1. What part of the accessible area of segment 1-64, given as a whole %, is carbon or sulfur when the probe is 1.4 angstrom?
2. Quick one: compute a quarter of the convex hull surface over the Cα atoms of segment 1-120 and quote it in nm².
3. Calculate log10 I(q)/I(0) of the chain for q = 0.11, 0.15 Å⁻¹, where I(q) comes from the Debye formula with a single equal point scatterer on each Cα and nothing for solvent.
4. Taking each pair of different alpha-carbon atoms in segment 1-46 once, compute 1/r for the pair, average those values, and report the inverse of that mean as the Kirkwood hydrodynamic radius in Å to one decimal.
5. Can you quote the Å³ per residue value for the convex hull of the Cα atoms in segment 208-270, rounded to an integer?
6. Per q in 0.15, 0.17, 0.21 1/Å, what log10 I(q)/I(0) does a Debye calculation on the alpha-carbon atoms of segment 51-190 return?
7. Rounded to whole Hz and in sequence order, give me ³J(HN,Hα) for segment 81-94 from the Karplus expression 6.51 cos²θ - 1.76 cosθ + 1.60, θ = phi - 60°, writing x for Gly and Pro.
8. Would you mind working out the accessible area per residue for the chain, using a 1.4 Å probe, and quoting it in Å²?
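The values are calculated or read from the model by the stated rules, or taken from the named source; none is laboratory data. Since this is a predicted model, take the numbers as computed values, not measurements. Virtual Cβ from ideal backbone geometry, glycine too; neighbours counted across all protein chains shown. SASA here: full protein model, heavy atoms, side chains in, ligands and nucleic acids out. Shrake-Rupley method; radii C 1.70, N 1.55, O 1.52, S 1.80 Å.
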Amino acid sequence: MTLNFRPDLYRGTAGYYDRYRPPYPDALIEDLAVRTGADGTGRLLDLACGTGQVCFALCGRFAEIWAVDQEPDMIGLVRQKAAALADSPRFEFRTTAAENLAAPEDSFDLVTIGNAFHRLRRHVVAALVLSWLRPGGHLALLWGGGPNEGDAPWQQALRDQTRRWRERPGAEQRVPAGYEADRAARPDADILCAAGLEILGRREFGVSQVWTAAEIAGFVASTSVLSLEALGPDAAAFDISLRQALLAAEPAAQFRQDTTFACDLARRPT
(Lines give C-alpha, C1' and ligand atoms only; values in the text may rest on other atoms or scores of the structure.)
Protein backbone atom coordinates (compact mmCIF):
# COMPACT_ATOMS: atom_id res chain seq x y z
CA MET A 1 0.00 0.00 0.00
CA THR A 2 1.33 3.45 -0.94
CA LEU A 3 0.34 6.20 1.48
CA ASN A 4 0.87 9.81 0.47
CA PHE A 5 0.44 12.64 2.94
CA ARG A 6 -0.39 16.12 1.75
CA PRO A 7 2.74 18.28 1.24
CA ASP A 8 1.16 21.23 3.07
CA LEU A 9 0.33 19.44 6.33
CA TYR A 10 2.56 21.67 8.45
CA ARG A 11 1.99 24.96 6.67
CA GLY A 12 1.89 27.80 9.18
CA THR A 13 3.08 25.71 12.14
CA ALA A 14 6.78 26.62 12.28
CA GLY A 15 6.50 29.18 15.08
CA TYR A 16 4.35 26.90 17.23
CA TYR A 17 6.58 23.91 16.45
CA ASP A 18 9.73 25.74 17.51
CA ARG A 19 8.26 27.19 20.70
CA TYR A 20 6.05 24.40 22.02
CA ARG A 21 7.63 21.10 20.98
CA PRO A 22 9.60 19.80 23.99
CA PRO A 23 13.30 19.21 23.32
CA TYR A 24 14.69 15.72 23.20
CA PRO A 25 16.28 14.84 26.55
CA ASP A 26 19.97 15.55 26.93
CA ALA A 27 20.46 11.93 27.99
CA LEU A 28 18.97 10.68 24.72
CA ILE A 29 21.14 13.01 22.63
CA GLU A 30 24.28 12.05 24.57
CA ASP A 31 23.50 8.35 24.27
CA LEU A 32 22.89 8.69 20.53
CA ALA A 33 26.15 10.56 20.01
CA VAL A 34 28.13 7.97 21.95
CA ARG A 35 26.52 4.97 20.24
CA THR A 36 27.13 6.40 16.78
CA GLY A 37 30.64 7.69 17.45
CA ALA A 38 29.76 11.32 16.69
CA ASP A 39 33.00 13.16 17.43
CA GLY A 40 32.67 16.47 15.60
CA THR A 41 34.18 15.33 12.31
CA GLY A 42 31.30 13.62 10.50
CA ARG A 43 28.27 14.56 8.42
CA LEU A 44 24.67 14.54 9.67
CA LEU A 45 21.51 14.40 7.56
CA ASP A 46 18.38 15.50 9.45
CA LEU A 47 15.34 14.48 7.40
CA ALA A 48 11.93 16.12 7.93
CA CYS A 49 13.86 18.34 10.31
CA GLY A 50 11.06 20.68 11.34
CA THR A 51 12.68 23.65 13.06
CA GLY A 52 15.81 21.70 13.96
CA GLN A 53 15.05 20.04 17.29
CA VAL A 54 17.41 17.18 16.40
CA CYS A 55 20.12 18.83 14.35
CA PHE A 56 20.72 21.72 16.76
CA ALA A 57 20.90 19.33 19.69
CA LEU A 58 23.62 17.46 17.78
CA CYS A 59 25.34 20.37 16.04
CA GLY A 60 28.42 20.25 18.26
CA ARG A 61 28.96 16.63 17.22
CA PHE A 62 29.31 17.13 13.46
CA ALA A 63 31.39 19.15 11.01
CA GLU A 64 28.58 19.35 8.45
CA ILE A 65 24.80 19.19 8.77
CA TRP A 66 22.14 18.86 6.09
CA ALA A 67 18.72 20.12 7.23
CA VAL A 68 15.89 18.89 4.99
CA ASP A 69 12.17 19.66 5.17
CA GLN A 70 9.47 20.15 2.57
CA GLU A 71 7.92 23.10 4.44
CA PRO A 72 9.63 26.41 3.47
CA ASP A 73 8.75 28.08 6.78
CA MET A 74 10.51 25.31 8.68
CA ILE A 75 13.71 25.62 6.65
CA GLY A 76 13.52 29.40 6.89
CA LEU A 77 13.50 29.20 10.68
CA VAL A 78 16.35 26.67 10.70
CA ARG A 79 18.39 29.08 8.57
CA GLN A 80 17.77 31.91 11.04
CA LYS A 81 18.75 29.77 14.00
CA ALA A 82 21.90 28.48 12.27
CA ALA A 83 22.95 32.02 11.33
CA ALA A 84 22.65 33.07 14.98
CA LEU A 85 25.09 30.41 16.21
CA ALA A 86 28.45 31.77 17.28
CA ASP A 87 30.36 28.64 16.32
CA SER A 88 28.49 26.23 14.08
CA PRO A 89 29.21 23.41 11.67
CA ARG A 90 28.72 23.98 7.97
CA PHE A 91 25.01 23.81 7.16
CA GLU A 92 23.29 22.77 3.95
CA PHE A 93 19.57 23.53 3.64
CA ARG A 94 17.17 21.71 1.34
CA THR A 95 13.46 22.48 0.94
CA THR A 96 12.16 19.21 -0.40
CA ALA A 97 10.37 16.03 0.60
CA ALA A 98 12.70 13.39 1.98
CA GLU A 99 11.70 11.07 -0.85
CA ASN A 100 12.85 13.62 -3.45
CA LEU A 101 16.16 14.61 -1.88
CA ALA A 102 19.20 14.48 -4.16
CA ALA A 103 22.10 13.58 -1.86
CA PRO A 104 25.46 11.91 -2.45
CA GLU A 105 25.72 8.19 -1.79
CA ASP A 106 27.96 6.75 0.94
CA SER A 107 28.43 10.18 2.49
CA PHE A 108 26.58 10.51 5.82
CA ASP A 109 27.64 9.18 9.19
CA LEU A 110 24.20 9.62 10.75
CA VAL A 111 20.69 10.17 9.38
CA THR A 112 18.07 11.32 11.89
CA ILE A 113 14.28 11.50 11.59
CA GLY A 114 12.50 13.07 14.57
CA ASN A 115 8.81 12.27 15.08
CA ALA A 116 8.32 12.01 11.33
CA PHE A 117 9.14 8.59 9.88
CA HIS A 118 5.45 7.64 10.01
CA ARG A 119 4.63 10.60 7.74
CA LEU A 120 7.06 9.53 5.03
CA ARG A 121 6.88 6.84 2.36
CA ARG A 122 8.77 4.60 4.69
CA HIS A 123 10.00 1.92 2.31
CA VAL A 124 11.25 4.52 -0.17
CA VAL A 125 13.02 6.59 2.48
CA ALA A 126 14.57 3.53 4.14
CA ALA A 127 16.09 2.44 0.83
CA LEU A 128 17.41 5.94 0.18
CA VAL A 129 18.89 6.18 3.66
CA LEU A 130 20.78 2.94 3.10
CA SER A 131 22.34 4.43 -0.02
CA TRP A 132 23.18 7.75 1.63
CA LEU A 133 24.87 6.27 4.69
CA ARG A 134 28.50 5.34 4.74
CA PRO A 135 29.11 1.64 5.51
CA GLY A 136 28.69 1.38 9.26
CA GLY A 137 26.70 4.63 9.36
CA HIS A 138 23.54 4.91 11.46
CA LEU A 139 19.88 5.82 11.13
CA ALA A 140 18.12 7.13 14.26
CA LEU A 141 14.35 7.46 14.54
CA LEU A 142 13.51 9.73 17.49
CA TRP A 143 10.10 9.79 19.16
CA GLY A 144 8.21 11.47 21.96
CA GLY A 145 7.20 14.77 23.47
CA GLY A 146 3.40 14.91 23.18
CA PRO A 147 1.29 15.98 26.17
CA ASN A 148 -1.43 13.39 25.44
CA GLU A 149 0.67 10.42 26.56
CA GLY A 150 -0.62 9.39 29.98
CA ASP A 151 -3.71 8.49 32.00
CA ALA A 152 -4.36 11.68 33.96
CA PRO A 153 -7.89 13.15 33.70
CA TRP A 154 -6.58 16.19 31.84
CA GLN A 155 -4.88 13.94 29.27
CA GLN A 156 -8.14 12.07 28.70
CA ALA A 157 -9.85 15.43 28.25
CA LEU A 158 -7.14 16.41 25.75
CA ARG A 159 -7.61 13.19 23.79
CA ASP A 160 -11.40 13.62 23.81
CA GLN A 161 -11.09 17.15 22.49
CA THR A 162 -8.61 16.30 19.75
CA ARG A 163 -10.69 13.31 18.67
CA ARG A 164 -13.87 15.35 18.55
CA TRP A 165 -12.37 18.15 16.48
CA ARG A 166 -10.48 15.80 14.18
CA GLU A 167 -13.78 14.13 13.30
CA ARG A 168 -15.41 17.30 11.98
CA PRO A 169 -16.35 17.23 8.26
CA GLY A 170 -13.33 17.39 5.94
CA ALA A 171 -10.70 16.85 8.63
CA GLU A 172 -10.21 13.20 7.71
CA GLN A 173 -8.63 14.26 4.42
CA ARG A 174 -5.41 15.20 6.22
CA VAL A 175 -4.60 11.56 7.04
CA PRO A 176 -4.56 8.96 4.24
CA ALA A 177 -7.11 6.18 4.45
CA GLY A 178 -5.49 2.99 5.71
CA TYR A 179 -2.71 4.80 7.57
CA GLU A 180 -3.19 3.09 10.95
CA ALA A 181 -3.70 -0.33 9.39
CA ASP A 182 -0.49 0.06 7.40
CA ARG A 183 1.53 1.01 10.49
CA ALA A 184 0.16 -2.03 12.36
CA ALA A 185 0.77 -4.43 9.47
CA ARG A 186 4.26 -3.16 8.67
CA PRO A 187 6.16 -2.00 11.77
CA ASP A 188 9.05 0.39 11.23
CA ALA A 189 11.60 -2.31 12.09
CA ASP A 190 10.26 -4.53 9.31
CA ILE A 191 10.55 -1.68 6.82
CA LEU A 192 14.13 -0.97 7.83
CA CYS A 193 15.15 -4.64 7.73
CA ALA A 194 13.61 -5.06 4.28
CA ALA A 195 15.73 -2.14 3.06
CA GLY A 196 18.90 -3.85 4.28
CA LEU A 197 19.49 -1.97 7.54
CA GLU A 198 20.60 -3.77 10.70
CA ILE A 199 18.37 -3.12 13.71
CA LEU A 200 20.30 -2.17 16.85
CA GLY A 201 17.30 -1.64 19.11
CA ARG A 202 15.37 0.99 21.05
CA ARG A 203 16.40 2.97 24.09
CA GLU A 204 13.91 4.96 26.15
CA PHE A 205 14.39 7.98 28.39
CA GLY A 206 11.92 9.16 31.03
CA VAL A 207 11.04 12.82 31.45
CA SER A 208 8.83 14.64 33.97
CA GLN A 209 7.40 18.04 33.19
CA VAL A 210 4.57 20.42 34.00
CA TRP A 211 2.62 21.95 31.13
CA THR A 212 0.53 25.10 31.15
CA ALA A 213 -2.76 25.27 29.25
CA ALA A 214 -1.14 27.73 26.82
CA GLU A 215 1.73 25.32 26.17
CA ILE A 216 -0.64 22.43 25.50
CA ALA A 217 -2.68 24.59 23.12
CA GLY A 218 0.54 25.68 21.43
CA PHE A 219 1.69 22.09 21.03
CA VAL A 220 -1.64 21.12 19.45
CA ALA A 221 -1.33 24.09 17.08
CA SER A 222 2.00 22.63 15.93
CA THR A 223 0.41 19.40 14.74
CA SER A 224 -0.64 18.56 11.20
CA VAL A 225 -4.27 17.77 12.03
CA LEU A 226 -5.20 20.60 14.41
CA SER A 227 -3.04 23.50 13.28
CA LEU A 228 -4.60 26.91 12.65
CA GLU A 229 -4.38 26.11 8.93
CA ALA A 230 -6.19 22.80 9.40
CA LEU A 231 -8.88 24.26 11.66
CA GLY A 232 -9.51 27.32 9.52
CA PRO A 233 -12.51 29.30 10.81
CA ASP A 234 -12.92 26.82 13.67
CA ALA A 235 -9.53 27.66 15.22
CA ALA A 236 -10.76 30.12 17.84
CA ALA A 237 -13.67 27.90 18.90
CA PHE A 238 -11.34 24.91 19.23
CA ASP A 239 -8.88 26.87 21.37
CA ILE A 240 -11.62 27.94 23.77
CA SER A 241 -13.10 24.44 23.94
CA LEU A 242 -9.69 22.86 24.57
CA ARG A 243 -8.69 25.22 27.37
CA GLN A 244 -12.07 24.91 29.09
CA ALA A 245 -11.86 21.12 28.99
CA LEU A 246 -8.32 21.11 30.37
CA LEU A 247 -9.20 23.41 33.28
CA ALA A 248 -12.36 21.46 34.05
CA ALA A 249 -10.23 18.32 34.38
CA GLU A 250 -7.40 20.02 36.30
CA PRO A 251 -8.65 23.24 38.00
CA ALA A 252 -5.22 23.95 39.51
CA ALA A 253 -3.88 24.30 35.94
CA GLN A 254 -0.80 22.23 36.81
CA PHE A 255 -0.67 19.65 34.05
CA ARG A 256 1.95 17.22 35.28
CA GLN A 257 3.26 14.50 32.99
CA ASP A 258 5.69 11.61 33.24
CA THR A 259 6.48 10.52 29.72
CA THR A 260 9.05 8.67 27.63
CA PHE A 261 11.17 9.71 24.68
CA ALA A 262 12.71 6.97 22.55
CA CYS A 263 15.38 6.39 19.94
CA ASP A 264 15.27 3.48 17.48
CA LEU A 265 18.74 2.90 16.06
CA ALA A 266 19.71 1.02 12.90
CA ARG A 267 22.95 0.70 10.95
CA ARG A 268 24.13 0.12 7.43
CA PRO A 269 26.19 -3.07 7.47
CA THR A 270 29.89 -2.70 6.83
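1. On the way: 1320 of 2770 Å².
Accessible surface attributable to carbon and sulfur in segment 1-64 totals 48 percent.
2. Values: hull surface 31.6 nm².
Convex hull of Cα atoms, orientation-averaged projection: 7.9 nm².
3. Normalising to I(0) and taking log10 leaves -0.64, -1.18.
4. Details: mean 1/r = 0.0710 Å⁻¹.
It works out to 14.1 Å.
5. Working: hull volume 6.9 nm³, N = 63.
In segment 208-270, the Cα convex hull volume per residue is 110 Å³.
6. After summing over all Cα pairs, the log10 values are -0.94, -1.12, -1.38.
7. 5, 5, 5, 7, 6, 6, 9, 10, x, 6, 9, 10, 10, 9
8. Details: 12360 Å² over 270 residues.
Averaged over the residues of the chain, the accessible area is 46 Å².
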